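In what follows, a single structure is set out as C-alpha cells and then discussed.
The values are calculated or read from the model by the stated rules, or taken from the named source; none is laboratory data. Small disclaimer: the values here were computed from a predicted structure and weren't measured. With ideal geometry, Cβ positions are generated from the backbone for all residues, glycine too; neighbour counts draw on all protein chains shown. SASA here: full protein model, heavy atoms, side chains in, ligands and nucleic acids out. Shrake-Rupley method; radii C 1.70, N 1.55, O 1.52, S 1.80 Å.
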Protein chains: 2
Amino acid sequence: MHANVKQNVVPLITPGLKVACSQCNLRELCLPFGLDDRDMARLDSLIGGGRKLKRGQHLYRAGDAFESIFAVRSGFFKTDVLTEDGRDQVTGFQMAGEILGMDGISTEHHTCNAVALEDSEVCLIPFTELELLSSEIHSLQHHLHKVMSREIVRDHGVMMLLGTMRAEERLAAFLLNLSQRFSARGYSPSEFHLRMTREEIGSYLGLKLETVSRAFSRFQDEGLISVQQKHVRIVDLARLKSLLAPPDGRIA
Amino acid sequence: MHANVKQNVVPLITPGLKVACSQCNLRELCLPFGLDDRDMARLDSLIGGGRKLKRGQHLYRAGDAFESIFAVRSGFFKTDVLTEDGRDQVTGFQMAGEILGMDGISTEHHTCNAVALEDSEVCLIPFTELELLSSEIHSLQHHLHKVMSREIVRDHGVMMLLGTMRAEERLAAFLLNLSQRFSARGYSPSEFHLRMTREEIGSYLGLKLETVSRAFSRFQDEGLISVQQKHVRIVDLARLKSLLAPPDGRIA
DNA sequence: GTGTGGCATTGACGCAGATCAAAGGGGTGC
DNA sequence: GCACCCCTTTGATCTGCGTCAATGCCACAC
C-alpha cells in the first residue's frame, strides 16, 4: 500500500472502502433504520462509497459546497462553528452511526467544520440522490426527517445545558451522554477514552479548559469517576446522575 | 360573534380562517417558497385550516402527539423546553412566516412547548400529508429540508451565543436578530415592541432577568438604543453591531 | 529509546453576573 | 375607568468561573 497520502491532503473517495448498508452492523443506528431488504439494496446503490480520514483532517469546512451528508462508519468527529470575529464553538461530537453535514442543506454550503478526532471512516450519501430515492421510499423519507428532527431536539438539549446548568452539572451531563451513546454501540458505558481535549470539551460546554479540568478532578476526589488524562471510568453512576437534579431538589 | 371560548380551552380548527398559500403575503418567507402556481395550489389543498390563539395559550405542549407542523400567520410565539428537574429554557421566538413544531417529528411527540406571546394565528400543516405531497413535488421536498436545516443552523448560532458571549454581547445579538427579522417582514428594523418579558429574554440568552434589564439600561445610557418597557428603538445600529466584535479586536 | 511539544493540572486572584432586596410603574382584566 | 398585580428597574453584596501563571506529564515522531 502506498504511503504517499499526506495528512493535510483531502483524500479522494475510496470506492473499495464501500460497505453495503445491508451488511453494516450500524444500520439500526443509522439512516437505513426501518428499511426492508429491497429498499436497503436501493439505498446501498446510491451510497457513494467511503472516505477515510486521519486524525485532525477536515471532513468538510464552513463554506464548502454542500453535496453530501455523511454517516460515520468508525471513528470520532467534532463539529464547530467559527465567526468572523474569532469566536469558536464546538457544536457536537459524532460517533459511529451518526449523521454529519445536515447544516449544509439550507444554504447549499456547509456552515460549520467537521474534523476527525481520530482516524475515521465515513459513508458519503449524495444528497440530491437521497432526496430522489426518499421520494420513492416513504419510510426512508420519514426516517430522514426523523434524523433531522432528532438533531434539532439534541440542539435544544445543548441550549438547556448552556443556558441553565453550572459547570459540574454540564460536565456530568456530558459524561452521561457519552456513556449512553457508547453503551448503545456495544461499548462499556462505564469506561471509555475521550477523543477530545479539555479545551474542546470546554468549548462544547461553554466553559474554559481549566474549569473542565477542575471539575474532572473534583469528580474524582468525590469518588464519582476515575480519570487519568483521556481515560474515564464512571465509578458511581447514580451519584453522577443525581448531580443533574436541581439545587433545591424541588419537584415541580 | 360568540365570546364563549375560554382562554384556557384549546380552540378547535377554524376552517373559515383558512387563507390560501397562493394568496398569502408571507409565502416568500414560508413553506411555499419556490413553488409554481400549480404546486402551490396542491399545497393549499392540504393545509388543514387555521387556528387562532389568544395570548398565553399553548399551541402545543411537550408530550402532545405530533401530527402537524405549524406556520405562523400572525402574532408571536415562544418555544421552551422544561426538564423534570424544573429547569426551563426558552429555545426560540417565532414570528410570521416561521415554522413551528419540527421538534416533534423524531419521537412522534412534541418535545417542547409553544406558547403564543400575543393573539396569533397559525396554519396547520398535517405532516403525513406534507410528506406525501413532498414526495411528488421535488421543490417542496427540498424546501422542507432547507427549513429544517435552517433550524439546525439557527440552533448552532444560539449555542455560539450561549457558549462564547458575555451578557451585553448576547443582548446586542438578540436585538440585531429581531431587527433583521422585523425588517424582512416589512416592519421597521429600528423600532419595535418586544412581545416577551425580561425573564423570557433572559431564559433565551442564558441570563437572569436583572442582568437583561441592566444591559438594556446600559445600552440606553450609552445612546445605543432607547428603551421604555417593551418598546425599543435602535438609535445607533453601527455601534450596536460593533459590540459583537471580539474583546481585543483581533482579526483571526 | 529518547526528546519534544502539546495537553493537563493546580494555585492565586479578580470580575461578571447571580442573588437578595425593595420600590415604582404600566398594562390588563374586570 | 379603576384597581391590582405582574413586570421592570435599581442597589448592595456574594460567588462561580474566568484569567493569569507555573509546573508536570504523556503521547507521538523520529
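Here are the numbers for the structure shown:
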| read-out | value |
| --- | --- |
| Odd one out for B:Leu237 among (1) closer than 21 Å to B:Met159 by Cα; (2) of a type outside the set (D, E, K, R); (3) modelled with pLDDT of 95 or more | (1) |
| Residue among A:Ser134, A:Ser139 that is among the polar types (S, T, N, Q), more than 10 Å from chain B (Cβ to nearest Cβ) and more than 15 Å from the chain's Cα centre (by Cα) | A:Ser139 |
| For B:Gln94: the one exception among (1) in contact (Cβ under 8 Å) with a residue 40 or more places away in the chain; (2) on the phi < 0 side of the Ramachandran plot; (3) under 12 Å from the mean Cα position of the chain (by Cα) | (1) |
| Check on A:Ser22, at pLDDT below 95, farther than 30 Å from B:Val147 by Cβ and not in a strand (DSSP E or B) | yes |
| Exclusive hit being more than 30 Å from B:Ile201 (Cα to Cα), free of Cβ contacts under 8 Å to residues at least 24 places away in the same chain and not β-branched (Val, Ile, Thr), set A:Ser135, A:Ser120 | A:Ser135 |
| Selection from the stretch A:36-74 of residues that are touching a residue at least 24 places away in the same chain (Cβ under 8 Å), open to solvent by 20 Å² or more (accessible area, probe 1.4 Å) and of a type outside the set (D, E, K, R) | A:Gly48, A:Gly56, A:His58, A:Ala62, A:Gly63, A:Ala65, A:Phe66, A:Ser74 |
| Entirely in the stretch B:179-252, the helices (runs of 4 or more DSSP H) that have 3 or more residues that are within 14 Å of another protein chain (Cβ to nearest Cβ) and open to solvent by less than 70 Å² (accessible area, probe 1.4 Å) | B:198-205 |
| Breaking point among (1) over 30 Å from B:Leu35 (Cβ atoms); (2) modelled with pLDDT under 95, for B:Arg166 | (2) |
| Residue list for the stretch A:154-167, filter: surrounded by fewer than 20 Cβ atoms within 10 Å (Cβ to Cβ) and in a helix (DSSP H, G or I) | A:Arg154, A:Gly157, A:Ala167 |
| Cβ-Cβ under 7 Å pairs, at least 6 apart or on other chains, the stretch B:77-89 side facing chain A (nearest Cβ under 7 Å) and touching a residue at least 40 places away in the same chain (Cβ under 8 Å), far side of a type in the set (Asp, Glu) and open to solvent by less than 30 Å² (accessible area, probe 1.4 Å) | B:Gln89/B:Asp80 |
| Some residue of the stretch A:115-122 being farther than 25 Å from A:Val153 by Cβ, in contact with a Gly (Cβ under 8 Å, 6 or more places away or on another chain) and either in the same structural domain as A:Leu207 (by TED's automatic domain parsing) or not in a strand (DSSP E or B) (or both) | yes |
| Test: residue in the stretch A:83-90 that is crowded, with 21+ Cβ neighbours inside 10 Å and among the charged types (D, E, K, R) | no |
| Residue in the stretch B:168-176 that is in the same structural domain as B:Gly223 (by TED's automatic domain parsing) and either away from DNA strand C (no atom under 16 Å from the Cβ) or assigned to a strand (DSSP E or B) (or both) present | yes |
| Residue satisfying condition, being within 24 Å of A:Val72 (Cβ to Cβ) and in contact with a helix residue (DSSP H, G or I) (Cβ under 6 Å, 6 or more places away or on another chain), within set A:Leu178, A:Leu205 | A:Leu205 |
| Residue that is farthest from A:Thr197 (Cα to Cα) [pool: residues in the stretch A:215-230 that are polar (S, T, N, Q) and within 12 Å of DNA strand D (Cβ to nearest atom)] | A:Gln228 |
